[in-house]
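Inspection log for the structure reproduced underneath, given as structure tokens.
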Amino acid sequence: MTCFEDFSNELLFEIFDYLSFDQILDAFFSLTNRLNQVIRTYPACIDLTKALQRNLRRKGPFQCRSLVVSYASEQFFNKICSNINFQGIRSIELVYNNYSLILSLFHQLPMMQLESITIRDLHVHSYKENFGQGIWSMIATTGLDQLRYLNVPLRIISEDVKQFSFELLSLEHAILKDISDEEMFIFLCHTPNICMFRACMSYFNSDVDVSHLNLPRLTYLDFLTHFELRCWWYEKIESEMFGPEEWQNLIEQCLPNLLYLQVRFFKYVSPDNETYIEDMFENSDYWRNRQPHFRIQNDGVIAVPTDTIYGLAALVHSEQAIHRIHEMKGRSFTKPLAMAVGNIDDVFTWSKPTLSKEQLASENLLPGPVTLMFERQSSLPSYFNPNVTNIAIRIPDCQFMIDLAQRLKQPIALTSANISNEPSSVCIEEFKSLWSQVDLVVDAGLLASNDRRGSTIVDLSRKGYFQVQRQGIGYERIVRYLQEECHLQE
């Protein structure tokens, strides 16, 4: 205790830099009055999800250099904000908070001096247009001179993107989510010194025209060194927009400092509907010589809601995406994945059903919380569940998944959104460990099923018989239907 009392403030600050705010309070506060004062003047990183409210209220106020606010209510924040000194704040991270809380917090912060702003996983059910526009306006108007890092879902400026009239001259690194190509281009016009940029484009539930991505508009990126683009999908794009020669010319003429490029699609369909985008680039010496730093891939993986639990989804016809799903789950590559389709006809396209279309289309089967196993068709790619005779196929009773499968016009590999052998997820917070690995998380809130058992799995590969592989949601009703209506034996 005496030795710490003799340390200079600078040395104590260096020690504190290795500790969390809670650890500093537990280990040093109340030892001596001087240490208490040093702690109060130390520019701490305060995580309100961990910091005890009583510590802040009884021992504060404390200087705050970096603030993390997760899952907080306005009432909670207002109680403790008077015990935090924000005058030295430089960084803020907001995780799964509602719009009104964020707007209220921004009004209390000295926004002009913020160097880093992160807003992740906004509570979509709290969205109001005026709140979203207010949040973006404060970022744009106050981040002119100091803001260097910005990580936000750009939908908060989508209402007024064409009136974006501010220059973020100091911004060096930006991550923008749920944006359109129009929003991306406009944003980049106003960030002339940006070095690292990632955009995640989402179109499925928007009115954005995705018929083309106009590459020549990327001429504002002279200082860019790292560029990453993730697209939900592009359909029927003119090949010259994504050809290897066009990208090569763009890089050589307009992006002289580019060191890293990754473009990842969830779905890309060429004009002839047969050419895979990876093949076009693999055949180019320029691109082969620059891998893995320059890559354009069609291997997106997304997290989606279903009628049972949240799942990980990818195109069955993307071998790289199937590989990514196994890797991120820690799942054995010999363990088969299920497959989701959009209608009964698709079941017959990809498998050999032993039931008629009328029997399958019953309200007791499809769409519904059931996975049916039939012999697979030879048209399925060999790398998908190799050396497995049957395929597990389902049509979730979830309008989002039905629309997705019908629009893709391809089968979707589907498995639970969790690490293998861990509980299934009925809300997105339960698979937070996977968020950084997937290309998009579709948040439908707490699923109506609120049941972690998942779908009932039934093997129907043998005509006239059924065998339940897993008892899940709707088990009794499904078995009764197969026995009484379809006259199958167990």
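Restricting attention to region 342-366, report how many residues are over 16 Å from Ile457 (Cβ atoms) and out of contact with any Cys (no Cβ under 8 Å at 6 or more places or on another chain).
15
This table checks each residue for (1) out of contact with any helix residue (DSSP H, G or I) (no Cβ under 9 Å at 6 or more places or on another chain); (2) in a helix (DSSP H, G or I); (3) modelled with pLDDT of 85 or more.
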position	(1), (2), (3)
Cys3	yes, yes, no
Leu12	no, yes, yes
Ile15	no, yes, yes
Ser30	no, no, no
Arg40	no, yes, yes
Cys45	no, no, yes
Arg65	yes, no, yes
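Has region 421-443 got at least one residue that is touching a His at 6+ places or on another chain (Cβ under 7 Å) and open to solvent by less than 20 Å² (accessible area, probe 1.4 Å)?
Residues of region 421-443 that are touching a His at 6+ places or on another chain (Cβ under 7 Å), as a first pass: none.
No, every residue in region 421-443 fails to be touching a His at 6+ places or on another chain (Cβ under 7 Å) and open to solvent by less than 20 Å² (accessible area, probe 1.4 Å).
Restricting region 26-40 to residues that are among the hydrophobic types (A, V, I, L, M, F, W, C) and either within 13 Å of Phe7 (Cβ to Cβ) or touching a Leu at 6+ places or on another chain (Cβ under 6 Å) (or both), which is surrounded by the fewest Cβ atoms within 10 Å (Cβ to Cβ)? Steps first, answer last, please.
Here is the first cut: in region 26-40, the residues among the hydrophobic types (A, V, I, L, M, F, W, C) are 27-29, 31, 35, 38-39.
Right, trim to either within 13 Å of Phe7 (Cβ to Cβ) or touching a Leu at 6+ places or on another chain (Cβ under 6 Å) (or both) and you get 28, 31, 35, 38-39.
Values: Phe28: 20, Leu31: 14, Leu35: 19, Val38: 21, Ile39: 24.
Checked region 26-40; the qualifying residue surrounded by the fewest Cβ atoms within 10 Å (Cβ to Cβ) is Leu31.
In region 301-317, what residues are touching a helix residue (DSSP H, G or I) at 6+ places or on another chain (Cβ under 9 Å) and over 22 Å from Gly445 (Cα atoms)?
Leu315, Val316 - these are the residues of region 301-317 that are touching a helix residue (DSSP H, G or I) at 6+ places or on another chain (Cβ under 9 Å) and over 22 Å from Gly445 (Cα atoms).
For region 366-378, give me each residue that is open to solvent by 40 Å² or more (accessible area, probe 1.4 Å) and touching a helix residue (DSSP H, G or I) at 6+ places or on another chain (Cβ under 7 Å).
Pro367, Gln377
Output the residues belonging to region 64-80 that are surrounded by fewer than 18 Cβ atoms within 10 Å (Cβ to Cβ) and over 19 Å from Ser20 (Cα atoms).
The answer is Tyr71, Ser73, Glu74, Gln75, Phe76, Phe77, Asn78, Lys79.
The values are calculated or read from the model by the stated rules, or taken from the named source; none is laboratory data. Note that this is a predicted model, so its numbers are computed, not measured. We place every Cβ from the backbone using ideal geometry, glycine too, and count neighbours over all the protein chains shown. In case anyone asks, the SASA skips ligands and DNA or RNA and just uses the protein heavy atoms, side chains included. Shrake-Rupley method; radii C 1.70, N 1.55, O 1.52, S 1.80 Å.
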